[in-house]
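Notes for the one structure printed next.
The values are calculated or read from the model by the stated rules, or taken from the named source; none is laboratory data. Given the structure is predicted, the values throughout are model-derived calculations rather than measurements. Counting neighbours? That spans all protein chains shown, and the Cβs are built from the backbone with ideal geometry, glycine included.
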């Protein structure tokens, strides 16, 4: 009986591609292969546990497929691995950030190494441990960089220094949580949160306010917007990390 489903994407059925396919099947994976055509991909990618890209020198000719993979990664949280060379990985990174690719296997590959990596990323625990993405929105660049440094070893981190920049970022990227500065010029935190709630791509993304204000009026102003939390900017690194960790654990 076959186990996890792997979509093996390749241009041609070369000797090495067939060797990879046979090795995966020998390890009891359900392997479905596909070309880089959107029609082929859309009919075969459903329910796949891993998308394994075999990239040849003509990978730049498949920009439409790269956009498709990005959407699968961002919208459907699909796991992607890639086999290729530096040039191919550079093309892939134009569409999918390096940190969102589970593994990059450089040719010439060693089959046991490939199989061990596939086994790792198809394990149930891997999905649970995949890093969440936190978008930090703050007009104070020094504070923005500090919070990024605090979080980068635990989370994937996006940054925006204004509300409009945050909306633009979220239009093409997915965040699991937004840390939003309460006090910003032009558009303050509550107005930015209202903007985010009005957009389909960010309407359900939880928001925590980061603020230097703890007066009753400021807190009351945002209660109706139902933020996930209201954190003071004086929060310590350890306290912030524990707060986020507890937040994500309770949402599982």
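One table, with the values for the structure above:
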quantity	calculated
Of residues in region 17-36 being touching a strand residue (DSSP E or B) at 6+ places or on another chain (Cβ under 7 Å) and part of a loop (DSSP other than H, G, I, E, B), the one nearest to residue 111 (Cα to Cα)	29
Test: residue in region 161-178 that is more than 29 Å from residue 70 (Cβ to Cβ) and either surrounded by 15 or more Cβ atoms within 10 Å (Cβ to Cβ) or modelled with pLDDT under 85 (or both)	no
Helices (runs of 4 or more DSSP H) enclosed by region 105-201 - at least 2 residues per element that are in contact with a strand residue (DSSP E or B) (Cβ under 7 Å, 6 or more places away or on another chain) and not assigned by TED's automatic domain parsing to the domain that holds residue 245	111-121
Flag for residue 124 being closer than 19 Å to residue 7 by Cβ and either loosely packed, with under 12 Cβ neighbours inside 10 Å or at pLDDT 90 or above (or both)	yes
Filter pass, residue 222 being modelled with pLDDT under 85, surrounded by 12 or more Cβ atoms within 10 Å (Cβ to Cβ) and assigned to a helix (DSSP H, G or I)	yes
Single condition residue 58 does not satisfy, out of (1) surrounded by 13 or more Cβ atoms within 10 Å (Cβ to Cβ); (2) in contact (Cβ under 8 Å) with a residue 12 or more places away in the chain	(1)
Residues of region 146-160 satisfying the condition of being surrounded by fewer than 17 Cβ atoms within 10 Å (Cβ to Cβ) and in contact (Cβ under 8 Å) with a residue 12 or more places away in the chain	148, 154
Selection count where residues are modelled with pLDDT under 85 and within 30 Å of the chain's Cα centre (by Cα), scope region 204-219	2
Index of the failed condition, residue 90 passing every other in (1) at pLDDT below 85; (2) surrounded by fewer than 18 Cβ atoms within 10 Å (Cβ to Cβ); (3) within 21 Å of the chain's Cα centre (by Cα)	(1)
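Residues are listed down the side, and each one gets a yes or a no for (1) more than 19 Å from residue 112 (Cα to Cα); (2) over 22 Å from the mean Cα position of the chain (by Cα); (3) touching a residue at least 24 places away in the same chain (Cβ under 8 Å):
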residue: 11; (1), (2), (3): yes, yes, yes
residue: 15; (1), (2), (3): no, yes, no
residue: 21; (1), (2), (3): no, yes, no
residue: 26; (1), (2), (3): no, yes, no
residue: 31; (1), (2), (3): no, yes, yes
residue: 38; (1), (2), (3): yes, no, yes
residue: 43; (1), (2), (3): yes, yes, no
